[in-house]
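Peer 1: Structure below; questions to follow.
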Amino acid sequence: MSDITILDGGMGQELISRSPDEPTPLFGTQILIDHPQIVSDVHADYFAAGADIATTNSYALLHDRLEKHDLDHRFQELHQAACNAAIAARDAHGAGKVAGSIGPLGWSYRADMAPPIDEAAALYAEIAVLQAPMVDMIMCETMSGLDQAEGALKGATQGDKPVWICCSVDDEDGTKFRNGDPIDGILKLAETYEPAAVLINCSIPEAVSQALPLISNKGVPTGAYANGFTKITKEFASGQTSVDLLQARQDLTPAAYADFTERWVEMGATIIGGCCEVGPAHIAEVAKRFPHG
């Protein structure tokens, strides 16, 4: 019996691949509004593949994202819809947990676009408290710098549910956050805010493999879920763009990805899964490598 927890794979890219519509800067939020059944289907497919956890489609349900599209009045409604889709899939599967996703304020991969720590903390706390009655843990995803991570931790821990802080590292130097901060700096924040786990996410697998040894086996559970992009382009990171600017790798087959996860477990990770462009077939192969029960 494996003591490894298996996350689901990426949500946004999977939704876009299944949607009949063109991708927009709203990413999966637009699909949650227009095609909620697709969201439920993705959760169901990940559970069927062997995932232990469904991550809610709420990554981009942030005031700063919704305000730009005149949707902020639906903030609470959309969070509830995202959580309910994951809960329904979990209940239909008969097992598993639900993780409430909170994405980065400002823009993905751009810690410099995030608000100051205390301002960010208030915004994260609002979401954590809203999601807490519906989820088993809070996942603060794609934190790209130490101040951004601290804002998330300071706020999300107000939700009275375990918090997993998920950090995105530079694709060319996995020892650093995307803004250049040292990745092992997250350990000092972990001492202060006591998250239930620290993970590396949404970076290429090779960079994840550089980062993990610097944070694993240091007193806090660790994990990893990489993306399947060739790289995060400067054009995309400029903000308010759509994901069709990013290219998927052709070499990251389910077997190749599962090989990476085996190495991450050897490094000390106990939570593994996938991010963007890592789909149900990848998670099914990972689940085969770490059978449960």
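The values are calculated or read from the model by the stated rules, or taken from the named source; none is laboratory data. Quick caveat: nothing in here was measured; it's all calculated off a predicted structure. Glycine gets a Cβ as well: all are built from the backbone with ideal geometry, and neighbour counts include every protein chain shown. The protein model used for the area step is the full one, side chains on, heavy atoms only, and it has no ligands, DNA or RNA in it. Shrake-Rupley method; radii C 1.70, N 1.55, O 1.52, S 1.80 Å.
Peer 1: Which of the three applies to the chain, rounded, prolate or oblate, going by the alpha-carbon gyration tensor with a ≥ b ≥ c and a/c under 1.5 meaning rounded?
Peer 2: Cα axes put the chain in the rounded bin.
Peer 1: Tell me which lysines have Cα within less than 24 Å of K154's Cα, excluding those fewer than 8 residues away on the same chain?
Peer 2: Qualifying lysines at Cα under 24 Å: K97, K176, K188, K218.
Peer 1: Where a Cα-Cα gap under 14 Å defines reach, which aspartates and glutamates qualify for K231, not counting those fewer than 8 residues away within the same chain?
Peer 2: By straight Cα distance, K231 reaches D170, D171, E172, D173, E206, D244, D251, E277.
Peer 1: Where does the charge balance sit around P280 when Lys and Arg score +1, Asp and Glu -1, over other residues with C-beta under 9 Å from its C-beta? Write down the numbers at each step before the final one.
Peer 2: Working: positive: none; negative: D8, E14, D45.
Spelling it out: positives minus negatives among the neighbours equals -3.
Peer 1: When DSSP beta bridges are limited to those with both residues in the chain, what percentage is antiparallel, rounded to the nearest 5?
Peer 2: Working: 3 of 28 bridges.
Close to 10 percent.
Peer 1: Next question. Determine the per residue accessible area of the stretch 1-156 with all protein chains present and a 1.4 angstrom probe, expressed in square angstrom.
Peer 2: Working: 5760 Å² over 156 residues.
In whole numbers, the stretch 1-156 has 37 Å² accessible per residue.
Peer 1: Here is a further query. Just want the answer: with Cβ charges of +1 for Lys and Arg and -1 for Asp and Glu, which residue in Y59, G96, L252 is farthest toward the dipole's positive end in the chain?
Peer 2: Ranked along the dipole, the leading option is G96.
Peer 1: OK, next. Could you please report the charge total around I138, scoring K, R as +1 and D, E as -1 over all other residues with beta-carbon less than 14 angstrom from its beta-carbon?
Peer 2: -2
Peer 1: Provide the net charge surrounding V42, with neighbours chosen by a C-beta distance below 14 Å and charges set as Lys +1, Arg +1, Asp -1, Glu -1.
Peer 2: Net of charged neighbours comes to -3.
Peer 1: Counting only protein heavy atoms and a 1.4 Å probe, tell me what percentage of the stretch 149-228's accessible area is made up of carbon and sulfur. Intermediate values should be presented prior to the final figure.
Peer 2: On the way: 1300 of 2850 Å².
Roughly 46 percent of what the probe reaches on the stretch 149-228 is carbon or sulfur.
Peer 1: Taking the chain as a Gaussian network, Cα atoms linked when under 10 Å apart, which of S203, S17, S101 shows the biggest mean-square fluctuation?
Peer 2: S17
Peer 1: Moving to a separate point now. May I ask you to give the percent of accessible area on the stretch 1-109 that is carbon plus sulfur, with a probe radius of 1.4 Å? List each step's numbers first, then the result.
Peer 2: Details: 2010 of 4190 Å².
Percent of accessible area from carbon and sulfur atoms in the stretch 1-109: 48.
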